[in-house]
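A.B. asks: Would you mind keeping the following structure in view while I ask a few things?
Readers should treat all values here as calculations from the given coordinates under stated rules, not as data from a laboratory. As the structure is a computational prediction, the values presented were derived from the model and not from experiment. Every residue, glycine among them, receives a Cβ derived from its backbone with ideal geometry; neighbour counts consider all protein chains shown.
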Ligand code: CP3
């Protein structure tokens, strides 16, 4: 599968034209997704329906010519396998029960119910079979800290400082939880690879705002542990880490050989990355997803500039975070044109 442009870039090559895919490309902004979503019932029903989830995974590649599909699933399937109830409140986001902060670790399943995730592996298999050989299939999971933030409080936290306070008060609880998530995640990602995922991305969406020591202990080290374990079993499968908000600590991530690529968020200055991250390390992302809502010349010139900054070094075009639901599909088409030019 080394004919895949994405895998070439992940192996450290500067690929022309630059390979691209987009976070949150599956679902949300495409009208054909919303149709299938209605057919499936709830969002989670869709995640556990291999036929429909595979279709949703492929939808963006039918419209646009990106180089990779990302498996349609969610980072909150792991908490379900760990025994939590998970649902989505309309317009408010995810809810999980009972919150680990209150219920403690004993409320979680021991061992984890990993068989619940079997449909995701079926989705991976079906999708890999449907993709042409030059397209890559990206499997993913949430990094332990990001998943833990939802499990501890039972919902997305609007106050990251209070999570830090919780850690200082009860480090054992948080560390045991991270350990439990990590073990399940290693198994989950390993199965995704066994079923046909060509590369893996770890989303650490809530890595921002932590002091350096906590960023290392809660985000970098657990993600590194997962990457090391995966590489033992699957030495050839590249791993992309996306520690959103990590700022200058991205240099620490870049020094870890098990991370084949570093995802950069919207607020990371591109020239800072050029200056401080080894030109041998593959970089991914950076374009403000809200610029794709705006579209037009402003988006196109930003995309050109981003390409220019990373020209000659291994780079994968992507956003600084996911597409928002009201992104006009025609702007994505224009963006693709600018990337391919
Ligand atoms: O296209 C893709 O990126 C693949 C599928 C994917 C989803 N979620 C589908 C989804 C991926 C990679 C994720 C990751 C994810 N899920 C993250 C990390 C990345 C990030 O965006 O920061 C997080 C934090 C979650 C948790 C989550 N899932 C939230 C907070 C929400 C609700 C709010 C929202 O943004 O809609 C979801 C729901 C969700 N996950 C949807 C999709 C398509 C929307 C469901 C719907 O209403 O159709």
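A.B. asks: Over all alpha-carbon pairs of the stretch 111-154, lay out the pair-distance distribution in 5 Å bins, whole %, shortest bin first.
C.D. replies: Reading upward from the zero bin: 5, 16, 17, 19, 17, 13, 8, 3, 1.
A.B. asks: Taking the C-alpha atoms of the stretch 1-46, how large are the radius of gyration and the largest Cα-Cα span, Dmax, in Å?
C.D. replies: Answer for the stretch 1-46, Rg first and Dmax second: 16.0, 43 Å.
A.B. asks: Let me ask something else about it. Taking the number of other C-beta atoms within 10 Å as the exposure measure, put 272, 206 in order starting with the fewest. Before the final figure, lay out the partial values.
C.D. replies: Numbers: 272 14, 206 24.
Final ranking by Cβ density, sparse to dense: 272, 206.
A.B. asks: Applying a 10 Å radius around every beta-carbon, put 330-336, 130-136, 296-302 in order of their mean neighbour count, most first. Provide the component values of the computation, followed by the final result.
C.D. replies: On the way: 330-336: 17.6, 130-136: 15.9, 296-302: 14.3.
The packing order, highest mean first, is 330-336, 130-136, 296-302.
A.B. asks: Distance from the Cα centre of the stretch 27-54 to that of the stretch 305-329, in angstrom?
C.D. replies: 25
A.B. asks: Once fully extended, how much extra length lies between residue 272 and residue 233, figured as 0.36 nm per residue of separation less the alpha-carbon to alpha-carbon distance?
C.D. replies: 10.6 nm
A.B. asks: Let me ask another. Taking the Cβ-Cβ separation of residue 337 and residue 305 as r and a Förster radius of 22 Å, what is the calculated FRET efficiency to the nearest 0.05? Intermediate results must be reported in sequence, preceding the final value.
C.D. replies: On the way: r = 16 Å, r/R0 = 0.71.
Once the sixth-power term is evaluated, E becomes 0.90.
A.B. asks: So how far apart, in nm, are the two label points at residue 175 and residue 116 if each is 7 Å from Cα heading toward Cβ?
C.D. replies: Taking the two extended label points, one gets 2.7 nm.
A.B. asks: Give me 242, 259 sorted ascending by neighbouring Cβ count inside 10 Å, so fewest comes first. The partial results should precede the final answer.
C.D. replies: Working: 242 27, 259 22.
Lowest to highest Cβ neighbour count: 259, 242.
A.B. asks: Subtract the Cα-Cα distance of residue 105 and residue 293 from 0.36 nm times their separation in residues, and report this length gain in nm to one decimal.
C.D. replies: Taking residue 105 through residue 293 to full extension adds about 63.5 nm, to one decimal.
A.B. asks: What's the Cα-based Rg to Rh of the stretch 5-340, Rh via Kirkwood?
C.D. replies: Using Cα coordinates only, the ratio equals 0.94.
A.B. asks: Can you sort 213, 185 so the residue with the fewest Cβ neighbours within 10 Å comes first?
C.D. replies: 213, 185
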